[in-house]
Amino acid sequence: MLNLQLARKYSSAIFELAQEEDQLVPYGEQLRGVLDELAAVPGIWSYFGNPLIQRSDKKALLAKLFEGELSGNVYHFLLLLVDKRRMALYPAIVEDFEALSNEARGIVIADVTTAHGIGDAQRARLKERLEAVTGKDVKLRLHEDPKIIGGVIVRIGDKRIDGSVTGKLAALADELMAYK
């Protein structure tokens, strides 16, 4: 819980800075890009979390990877995390920053699960319908799960719409059991 609170403080700080500079999208892209690159390196979080490795060495690695590639504030934010021994929180910081950014820009994320992939036309229609229902810009994150047999399950925040065959069968079974 403490780590989530710390991550929230750091993400709020970089979010406020990005908002002041009207750079929410570029900062978000840079933060996500750094996370994706670091996550591709096996053992990187252990490296940053190891207290026996000098901070200067960790900063040198970040400089080698990202200096000149990122805006000054994002790059210095990474260095601050190393100084404060908070790099282990970086994935949570990025996730929280993205949530704050999406909220500020009126965007909601819809996790869409289908048994098989959906085509572009279906994706566009689903996005359009979800935008009409929510009144916000919707970004779809697509997932596949053959266990749902057919249909679609949509999760936006804490709301879940289950239009899957498996979900309908379960609802029918519950209804039939209620008549016993």
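The values are calculated or read from the model by the stated rules, or taken from the named source; none is laboratory data. Everything numeric here is computed off the predicted structure, so don't read it as measured data. Backbone-built Cβ (ideal geometry, glycine too); neighbour counts: all protein chains shown.
Values for this structure:
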quantity: The listed residue being among the aliphatic types (A, V, I, L, M), more than 24 Å from Arg160 (Cβ to Cβ) and surrounded by 14 or more Cβ atoms within 10 Å (Cβ to Cβ), out of Leu140, Leu126, Leu81, Leu100; calculated: Leu81
quantity: Segments classed as helices (runs of 4 or more DSSP H), wholly inside region 63-180, with at least 2 members that are more than 21 Å from Gln23 (Cβ to Cβ) and acidic (Asp, Glu); calculated: 120-134, 165-178
quantity: Given (1) in contact with a Lys or Arg (Cβ under 9 Å, 6 or more places away or on another chain); (2) surrounded by 13 or more Cβ atoms within 10 Å (Cβ to Cβ), index of the condition Gly106 fails; calculated: (2)
quantity: Residue match in region 22-40 (condition: touching a residue at least 60 places away in the same chain (Cβ under 8 Å), within 29 Å of Leu126 (Cα to Cα) and out of contact with any helix residue (DSSP H, G or I) (no Cβ under 7 Å at 6 or more places or on another chain)); calculated: yes
quantity: Residue count, region 108-153 (criterion: touching a helix residue (DSSP H, G or I) at 6+ places or on another chain (Cβ under 8 Å) and within 20 Å of Glu98 (Cα to Cα)); calculated: 9
quantity: Members of region 43-69 that are more than 24 Å from Glu98 (Cβ to Cβ) and under 22 Å from the mean Cα position of the chain (by Cα); calculated: Gly43, Ser46
quantity: Qualifying residue in region 138-145 (condition: over 30 Å from Glu37 (Cβ atoms) and either over 20 Å from the mean Cα position of the chain (by Cα) or modelled with pLDDT under 95 (or both)); calculated: no
quantity: Selected residue [out of contact with any helix residue (DSSP H, G or I) (no Cβ under 6 Å at 6 or more places or on another chain) and at pLDDT 95 or above] from Leu80, Leu65; calculated: Leu80
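Conditions (1) closer than 12 Å to Val94 by Cβ; (2) of a type outside the set (Asp, Glu); (3) touching a strand residue (DSSP E or B) at 6+ places or on another chain (Cβ under 6 Å); (4) not assigned by TED's automatic domain parsing to the domain that holds Val82, marked per residue:
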position: Leu31; (1), (2), (3), (4): yes, yes, no, no
position: Ala40; (1), (2), (3), (4): no, yes, no, no
position: Ser46; (1), (2), (3), (4): no, yes, no, no
position: Asp57; (1), (2), (3), (4): no, no, no, no
